[in-house]
Every structure is written in C-alpha cells, then in structure tokens.
Amino acid sequence: MNLPLPLIALIGFGVINFFLLSASVLVYAERKVSAYIHNRPGPNRVGPFGLLQPFADVVKLVFKEDIRPTVANSFVHSFAPWLMVVVAMATTALLPLARGVVIADVGVGALALLALTSIAVYGVTLAGWSSNSKYSLLGGLRSSAQMISYELSMGLAVVSVVLMTGSLRLTDIVEAQNAVWYVFSNPVGCILFIVTAFAETNRAPFDLPEAEQELVGGYHTEYSGMKFGMFFLAEYVNLFIASFVIVTLFFGGYLLPFEHLYVDFFVDRGLDWLLVILQLLSLGLKAAFFAFVFIWVRWTLPRFKYSQLMQIGWKYLLPIAIGWVVIVAVVMAIFA
C-alpha cells in the first residue's frame, strides 16, 4: 500500500511525538512495576493514580539550574546529550509500523539501524570525557568497551536474520515472518539479540556505565537540569526502540498472529485502513511487552561485575554468535 507523501510526513510527526511521550509513560510504568515487585504503592500523589508524576518531574528539570564544572569542555559537555537524543529519535524513521507505513524504507535498513544505534556510544563517551571528572570518565570508558564487546554479537544475530530473509530491508524481514516468526526458526539469534540489547541500552544487569555504588552516577554525574533530562529521555527512548527492533526482527513486527490466513478478507473488502490500525496495535502491544521485560529484569537480576560483563561478551556470546551464523549459512545454502 503506497501512502501519499503528506500522510507519511504526518505519520512521521506522530511517531516522533509518540516516542517523546513514551519516555514519560515508561518512567511511570517502571515506577509502578518496580513498586509492585517491591510490594509498595509507587507514585500515587500527583494526579489520579500518580499519572502526572513524570510530567511533574519534567517541570522540575526544566526549572533546575544548569550546573557545569568550570574545568569541563563547554561545547562537548552541552553537545553530548543532544547527540544522544537526536540519534535515538532518528532511529524511529527506519522502523516499519504497518504494511506500507514506514518513514524511511531503505534497502539497507538493518545495516542503517546498527549504524545509528552504535553512534549512541559517542554521546556517552563524550559526556564522560568532557566533564573532566574521574567518575564520569570511567563511566564513559566502560560504556565504550561494553558497546564494542556486545555490538559484535548483536551484529551477528542480525546477520543470521538477514541470511534467512535474503534482504537487509526491514519490511522484507517482517514480511518473511508471515508464516513463522523468527523466534521459532532462529531461537539462538533471538536470545543473542535480546541479551545484547540489554547491554546496548545500558540496562540492568549491564548498567555499569552509571553504576551508582562505585561511580556515583557514571557518565552523567556532572549533569543537571534538562541536560540530565535529555540523557534520561534518550535512555527510555532507546529502551522502547530496542523493544520495537526485537519485535521487528524476531516476533513478526507489525504482523498479526496467523495474518496470512485472513489478510485477503480485509483486502477484498477494501478494509486496508482497518488492517493498518490492527497492525499498529499489534506492533505496539508486542513492543510494550518487551518494554515490561526490560523493567522486570532490572528488579530480578543483580548487576554483573565488570569482569563478568567482559567474559560474557567475549568468551560466551561472541563464539556462540559466530557458530550460529555459520550453521544458519550452511543450512540456507543447502535448503534455500
């Protein structure tokens, strides 16, 4: 289905604002889920059921004083949080939201997705270096080492998907799962990608770059006000985008369960618009589930030691990823 350019622009505007608001929604969800796990009420004072608490936090951050160390690199210190947010929002353009509904349906979508997500490490590293603080610098170095270690395995997990699809276009990857989702035909690649996604988004148990026990706050120790808020925004946008990418690559993306059995019913009756709405809801619900998983794991598994983090990445995940790609390549060469 080919949508007119003005409608695509409107969808793009809506998507960007949706992801901006998603940070506030995810903050509220994280507080409520963690409160339930801890057997406590969570936010319940600002607004009905505490729903306005995230917006109150935004107002607080807007009016807080912007404090910058006198020995910090002024330009880089201010540029780093902007870089994090811009890269996070740019990634949304590549995600297919429904059949024919995608802002930038590029032929190398999977490669572009990996390239954009890898740029985020520069924001964290620059923030740590420009602050001229030992705690911040250690957090930035940890982040760069962590992302390099786990991006290799993440890239190989995506390669296994590309081998099975025969295309780097994200819409082709989704449509190739019309009959069977890749979580069933490529389970090892799915597990690898989910684990590395936790490391790439700096979520527990891989949140070493901002480990408060030993680094105070890590790379954003010397940030305050809206600059800190932008790091906060980028983290939750990246969390939601990671959920969307997991769904796109391994859980059928926008496809409804067993959609190939009844898609002709909508097409023959000219109900394409209804199918698009259902696909948007399908994608959103799947992504919301994995966002919940990110929150759930945070309060379930303890943080790794840094030595354990490196061992998992280099001694276990990378050899498994290389071996799995070889197996997929051989199977596809024989049976494809």
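The values are calculated or read from the model by the stated rules, or taken from the named source; none is laboratory data. Predicted model, so just to flag it, every value in this text is computed and none were measured. Note: ideal-geometry Cβ built from the backbone for every residue, glycine included; neighbour counts use all protein chains shown.
For region 152-187, the candidate set comprises residues that are assigned to a loop (DSSP other than H, G, I, E, B) and within 11 Å of Ala110 (Cβ to Cβ); within that set, the residue that is farthest from the chain's Cα centre (by Cα) is Ser167.
Candidates in region 65-86 are the residues that are of a type outside the set (Phe, Trp, Tyr) and free of Cβ contacts under 8 Å to residues at least 60 places away in the same chain; of these, the one that is surrounded by the most Cβ atoms within 10 Å (Cβ to Cβ) is Ala80.
Considering only residues of region 94-133 that are farther than 22 Å from Gly166 by Cβ, part of a helix (DSSP H, G or I) and not hydrophobic (A, V, I, L, M, F, W, C), which is farthest from the chain's Cα centre (by Cα)? For region 94-133, the residue satisfying everything is Ser130.
Being within 30 Å of Tyr306 (Cβ to Cβ), surrounded by fewer than 15 Cβ atoms within 10 Å (Cβ to Cβ) and modelled with pLDDT under 80 is a condition met by no residue of region 215-232. Only one of the numbered conditions (1) buried (at least 20 other Cβ atoms within 10 Å of the Cβ); (2) more than 22 Å from the chain's Cα centre (by Cα); (3) assigned to a helix (DSSP H, G or I); (4) of a type outside the set (A, V, I, L, M, F, W, C) is violated by Asp264, and that is (1). Looking at Leu317, Leu283, just one residue is closer than 19 Å to Asn238 by Cβ and not charged (D, E, K, R), and that residue is Leu283.
Leu281: within 26 Å of Phe184 (Cα to Cα), surrounded by 15 or more Cβ atoms within 10 Å (Cβ to Cβ) and either among the hydrophobic types (A, V, I, L, M, F, W, C) or free of Cβ contacts under 8 Å to residues at least 60 places away in the same chain (or both), yes or no? No. Going by the conditions given, is Pro257 free of Cβ contacts under 8 Å to residues at least 40 places away in the same chain and not aromatic (Phe, Trp, Tyr)? So Pro257 passes the test. Scanning region 243-262 for residues that are on the phi > 0 side of the Ramachandran plot and not aromatic (Phe, Trp, Tyr) turns up Gly252, Gly253. Among the residues of region 43-54, are any aliphatic (A, V, I, L, M) and assigned to a helix (DSSP H, G or I)? Looking through region 43-54, none of the residues is aliphatic (A, V, I, L, M) and assigned to a helix (DSSP H, G or I). Summed over region 16-64, the residues that are surrounded by fewer than 16 Cβ atoms within 10 Å (Cβ to Cβ), under 22 Å from the mean Cα position of the chain (by Cα) and modelled with pLDDT of 90 or more give a count of 1. Beta carbons closer than 9 Å, at least 6 apart along the sequence or on distinct chains, never pair a first residue in region 236-252 that is free of Cβ contacts under 8 Å to residues at least 60 places away in the same chain and under 11 Å from Leu283 (Cβ atoms) with a second that is among the charged types (D, E, K, R) and not in a helix (DSSP H, G or I).
Of all residues in region 98-109, at least one satisfies being more than 25 Å from Val293 (Cα to Cα), of a type in the set (D, E, K, R), touching a Ser or Thr at 6+ places or on another chain (Cβ under 7 Å) and surrounded by 14 or more Cβ atoms within 10 Å (Cβ to Cβ). Of all positions in region 286-299, at least one carries a residue that is crowded, with 18+ Cβ neighbours inside 10 Å, in contact with a Gly (Cβ under 9 Å, 6 or more places away or on another chain) and part of a helix (DSSP H, G or I).
Scanning region 63-88 for residues that are touching a helix residue (DSSP H, G or I) at 6+ places or on another chain (Cβ under 6 Å) and part of a helix (DSSP H, G or I) yields Val76, His77, Ala80, Pro81, Leu83, Met84, Val85, Val87, Ala88.
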